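The values are calculated or read from the model by the stated rules, or taken from the named source; none is laboratory data. Just so you know, these numbers come straight off a predicted model, no measurement behind them. Cβ placement follows ideal geometry from the backbone for every residue including glycine, while neighbour counts extend to all protein chains displayed. Just the protein is used for accessible areas: all its heavy atoms, side chains included, with ligands, DNA and RNA removed. Shrake-Rupley method; radii C 1.70, N 1.55, O 1.52, S 1.80 Å.
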Amino acid sequence: MNSVYQVAIPNPTNQLFSYRCTLVLTHDTLVGCRVLVPFGKRIVTGIVVEEVHNEPNQEQFKNILEVLDEAPVIIPPILQLTKWISEYYFCSWGEVLKAALPQGMSPESTVTVQVADIITKEVLAHLELTAPKRHKLLEYILASNSKVLTIKQLQKHFGSNIQFQLEALEHLGYILCTQVLGDSITPKSQKAVKLSKQVLEPDFDRETVSKELDSFSAKQSLVFSHLLLLSNNTSTGIVLLSHLLKDLSVTVSVIESLQKKQLVEVFDIEINRAIDKTSQEQKLHNSEEENYLLTQEQEHAANQIIDAIELGKPKNFLLHGITGSGKTLVYFRAIRAALHLGKTVLILVPEISLTPQLLDRFTSAFPGMISLMHSKMSEGERYDSFRQIRTNKKPIVLGVRSALFAPLENLGLIIVDEEHEPTYKQDSPAPRYNARDGAIVRGKLEQAVVVLGSATPSMESYANVVYEKYSLLSLKNRADGATLPSVEIVNMAEQHKLKKMNGLFSETLLNAITQTLDKKEGIILFQNRRGYSPIIQCRSCGHIHHCIDCSIPLTYHKYTSLLRCHYCGYTQKASSRCGECHSDDLVELGAGTEKIAEMLMDIIPKSYNVQISRMDIDTTSRKGSQRRMLHDFSTGKTDILLGTQMVAKGIDIERVTLVGVINADLSMFHPDFRATERTYQLLTQVAGRSGRHASKPGKVVVQTYAPHHPAITALVSHSGDSFFQNELEMRRLSNYPPFCRFIRIEFSHKHDADVKNYAQLFVQILKKLENEFFEILGPTIPTIPKLKGMYRSLIIIKNNKTLDPSGWYFRSALQQSLTTFKNIKGSSTVRIVVDIDSYQGV
């Protein structure tokens with residue numbers, strides 16, 4: 001009897017599908033393997049999650065078409081973790097499993113459309129009269145520059161309901177629809193060369209052959225001698241063909257001649273695309289760091305973690321260390337202890353903190369032992385890294401949010417660095433999970449120790465310490481005797497009254513900059529806004545250019561002369577005249593990093609010959625660009641590093657003695673209950689880049705219009721504990737996280753009136769189930785009412801954690817309400833997104 005399996009498909013439907021397997025299997029179980037299965041009119045990749053035993057009616061199920069893996073790619077703990085994520089974050093198991101695999105490992109079929117015959121003018125004219133929709137569709141296909149279009153491309157232009165029109169056109173013989181299966185990413189191979197087996201035999205006369213080759217062909221002799229030397233000095237004697245040709249300046253014909261004489265072998269060898277190719281000169285770390293003696297505080301923290309690892313039971317720590325306190329050295333000690341016990345280690349870092357300097361510190365401390373997983377890697381590099389981990393070749397994984405799913409076995413330690421960072425929470429697409437919270441769950445599943453590290457912990461983690469769910473480890477002093485930088489607050493309102501401002505720079509900040517330049521020390525300037533100016537307005541008529549698809553002004557980027565939407569990516573050329581009244585009286589309102597850099601170059605005296613590097617998403621998109629910037633800054637080639645929050649994380653450079661915050665108020669007054677917390681975290685983190693070494697005390701200058709704001713006063717007094725206690729009490733009184741779950745339900749639709757009606761109807765349905773477990777707020781119009789062409793309406797839910805600890809009661813009510821809503825509205829075109837523990841504002 002054939003087996004029946006439950007397969008999770010990566011689509012929003014949260015259900016499993018049964019398939020029969022009639023294939024001959026080469027391994028014991030399919031659970032955790034990728035399989036190709038028919039799904040509707042498509043072929044998709046699913047993950048087998050369960051075998052169904054004693055299924056009597058197997059004939060009713062479709063067959064698994066192909067098994068893609070020789071062994072499971074999803075190991076049992078990851079299967080359990082992804083199931084928990086799907087249930088808690090209200091998404092499908094298939095979506096989570098797809099996110100757990102590198103891109104390119106989930107091929108699926110797409111339907112392509114092309115013209116099947118010559119279409120005459122008479123045919124088009126007849127269609128225009130009898131079937132105008134089909135006429136428009138066929139005209140578009142004919143006018144396309146591409147010979148073949150996909151269904152998705154057509155749906156983007158005509159909407160999703162075009163299947164019937166396409167079937168009609170295909171039936172008439174005008175178009176041809178073909179199902180094509182996408183390519184699955186595979187290992188990369190290259191040609192390699194080595195000496196043949198007969199040459200390596202002890203009795204082979206290599207000297208005679210060398211002399212013969214020398215007299216016959218100098219280039220063949222050169223290659224043969226090179227390979228002989230290589231076989232004596234390396235364990236494999238293998239060299240890539242491309243390297244051999246380049247290094248010896250020979251052609252392929254030389255190798256082919258040696259192959260015909262059976263002196264060399266040419267074969268395919270698998271290449272690891274994930275190898276670190278950074279040269280030693282480009283490294284950004286202190287090679288002596290691993291040998292530093294730990295301070296008493298560090299020693300105590302490390303020992304507590306090591307004791308827990310040795311017990312082999314799950315335990316959660318919050319490592320709260322001020323900036324520069326040496327949390328990384330504690331990590332190193334704990335990692336070595338875990339490895340010594342034969343355990344593996346997972347290190348999570350937020351994308352924004354994954355600087356080249358951080359990578360270099362870890363790869364230097366554990367050479368050849370780390371697999372990387374982050375978004376700057378290509379699909380091939382991520383695939384190779386995943387295979388290394390799955391085959392137990394590397395015991396440490398260092399990566400961003402998605403590395404939570406790394407298939408490490410015998411996991412002993414999970415480190416979540418900068419655990420407060422909101423980038424651990426995925427906003428879009430599903431699954432909208434928080435990797436920090438997922439790490440806690442994975443630690444429990446695998447009996448591993450979890451260390452959450454931060455100088456500015458999240459309110460959630462701080463509360464877990466207060467309520468004794470986590471153990472606190474404190475590092476209250478900087479590691480090498482350095483002191484925290486002095487902080488000077490500049491009241492911008494007063495400076496304007498006293499006429500002590502030069503553009504956006506106060507006299508205080510400019511004096512600090514020139515004094516630091518005089519000492520040849522490094523300066524970091526922080527402005528959390530990229531581009532040149534967020535708004536360009538016409539002073540004659542007041543017109544402001546807005547995005548055509550989002551209700552947001554376009555940001556001006558002067559270098560490229562473009563107006564760009566930072567939400568959907570829409571761009572248009574900037575003009576020197578108003579688009580409405582054609583006046584040339586335009587004014588740039590606000591300033592991004594591009595404008596700050598330009599202003600600074602004009603203000604600082606030319607005698608300084610100041611060199612400024614701008615670090616933001618616009619200047620670091622190319623691979624290796626961030627490394628080059630940091631290398632130039634650390635070696636003194638660059639005087640000032642100006643950037644967005646990219647300069648606030650993961651930078652530890654001895655020469656930095658001044659940090660200037662151009663405008664501390666940018667995130668302070670957002671319509672978000674986390675605004676104060678985030679402002680304090682961001683300012684504390686960027687301030688912590690200054691004076692990190694005892695020999696060079698640091699200074700921070702913060703420009704603000706709100707000098708008495710709690711985030712500012714806590715920064716000045718270095719009173720983080722008081723700040724967290726006060727903020728926690730405010731959250732408790734207003735019933736916000738961590739005292740409740742903050743759930744954001746977003747409705748979106750092409751028509752404004754429809755989306756409001758849909759959201760109102762859903763609230764009416766949900767209110768019938770409302771009880772003490774949750775509170776409904778809204779629907780309300782968000783700050784940005786229209787995004788990517790869709791009008792939006794928001795519903796906010798506060799789910800009581802005390803009465804509903806797991807959130808099960810609320811999720812049940814939500815599922816019941818969604819089912820009722822869909823029964824009433826049928827196949828409505830409204831899009832509904834549920835974001836549990838949302839980090840987005842309103």
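Things to note:
- Straightening the chain between L172 and N303 buys 39.6 nm, computed as 0.36 nm per residue apart minus the Cα-Cα spacing.
- Here is the P(r) of the stretch 677-829: all C-alpha pair distances, binned every 10 Å from 0, give 9, 26, 24, 20, 14, 5, 1, 0 in whole percents.
- Accessible area of the stretch 542-624 belonging to carbon and sulfur atoms, whole % at 1.4 Å probe: 49
- Residues of the stretch 532-562 with amide N under 12 Å of the 7 Å Cα→Cβ point at D584: none
- Structural descriptor for the stretch 104-228: relative contact order 35 percent, calculated from alpha carbon pairs under 8 angstrom and at least 6 residues apart.
- Its residues counted as N, the stretch 707-788 yields a C-alpha radius of gyration over 2.2 N^0.38 Å of 1.57.
- Angstrom value of the Kirkwood radius, inverse mean 1/r, which spans all Cα pairs in the stretch 152-232: 18.9
- At a Cβ-Cβ separation cutoff of 4.7 angstrom, cysteine residues of the chain with no neighbouring cysteine are C21, C33, C91, C177, C568, C740.
- The modelled label-to-label distance between K41 and L562, using points 7 Å beyond Cα along the C-beta direction, is 3.5 nm.
- Three-way shape label, the stretch 797-842, alpha-carbon gyration tensor, a/c 1.5: oblate
- For the stretch 763-842, the square roots of the Cα gyration tensor eigenvalues, ordered a ≥ b ≥ c, give a/c of at least 1.5 with a/b no greater than b/c, which places it in the oblate category.
- The stretch 62-122: C-alpha pair distances exceeding 16 Å, %: 64
- Per-q log10 I(q)/I(0), the stretch 561-699, q = 0.11, 0.21 Å⁻¹ (Debye; single scatterer per alpha-carbon; no solvent): -0.55, -1.44
- FRET efficiency estimate (nearest 0.05) - Cβ-Cβ, Q198 to H751, R0 56 angstrom: 0.15
- Ratio Rg/Rh [Cα only; Rh per Kirkwood] for the stretch 309-413: 0.95
- Working from label points 7 Å from Cα in the Cα-to-Cβ sense, the R539 to R577 distance is 1.9 nm.
- Taking the DSSP beta bridges with both ends in the chain, the antiparallel portion is around 60 percent.
- Accessible area per residue for the stretch 1-50, computed on protein heavy atoms with a 1.4 Å probe, is 45 Å².
- Rounded to the nearest Hz, the phi-derived 3J(HN,Hα) couplings of the stretch 167-174 under the Karplus curve 6.51 cos²θ - 1.76 cosθ + 1.60 (θ = phi - 60°) are 4, 5, 5, 5, 4, 6, x, 7, where x marks glycine and proline.
- The residues of the stretch 512-590 present an accessible area of 51 Å² per residue when probed at 1.4 Å with all protein chains retained.
- Pairwise Cα distances in the stretch 547-604 exceed 13 Å in 67 percent of cases.
- Computed from the alpha carbon positions, the gyration tensor of the stretch 11-160 leads to an equivalent ellipsoid with semi-axes of 41, 18, 15 Å, biggest first.
- By accessible area, using a 1.4 Å probe on protein heavy atoms only, the stretch 321-361 has 56% of its surface on carbon and sulfur.
- Looking at the stretch 419-484, the pairs of alpha carbons with a distance over 17 Å make up 53% of the total.
- Ordered by 1.4 Å accessible area with all protein chains kept, H300, H543 run largest first as H300, H543.
- Calculated mean residue ellipticity, 222 nm, the chain: -10500 deg cm²/dmol, from DSSP H runs (n ≥ 4) at -39500 (n - 2.57) each, averaged per residue and rounded to 500.
- Additional length obtainable on full extension of the chain from L241 to V148, 0.36 nm per residue less Cα span: 29.7 nm
- Spin-label model, E409 to L68: label points 7 Å out along the Cα-to-beta-carbon direction sit 2.2 nm apart.
- Short-range pairs are left out: with C-alpha atoms under 8 Å and at least six residues apart, the relative contact order of the chain is 10 percent.
- Over all other residues within a Cβ to Cβ distance under 14 Å of A574, the charged ones net out to +2, with Lys and Arg as +1 and Asp and Glu as -1.
- 21 Å Cα-Cα reach of K520 towards lysines, excluding residues that sit fewer than 8 places from it in its own chain: K606, K637, K696, K699
- Under the convention that each Lys and Arg Cβ holds +1 and each Asp and Glu Cβ holds -1, the size of the dipole of the chain around its Cα centre is about 1260 debye.
- Relative contact order [Cα under 8 Å, 6+ residues apart], the stretch 524-628, whole percent: 29
- A simple count of charges around P314, restricted to other residues whose Cβ falls under 10 Å of its Cβ and scoring Lys, Arg +1 and Asp, Glu -1, yields +3.
- By the rule of a C-alpha distance below 13 Å, with chain neighbours fewer than 8 residues away ignored, the aspartates and glutamates paired with K136 are E128.
- Quarter of the Cα convex hull surface for the chain, i.e. its orientation-mean projected area (nm²): 47.3
- Per residue, the stretch 748-811 exposes an accessible area of 51 Å² to a 1.4 Å probe, with every protein chain left in place.
- K191/K696 FRET efficiency (R0 56 Å; Cβ-Cβ; nearest 0.05): 0.60
- Taking the 1.4 Å solvent-accessible surface of the stretch 736-813 as the whole, the part contributed by carbon and sulfur is 53%.
- Violating pairs (Cα-Cα greater than 31 angstrom) within the set K595/K756; K327/K394; K156/K768: K595/K756; K156/K768
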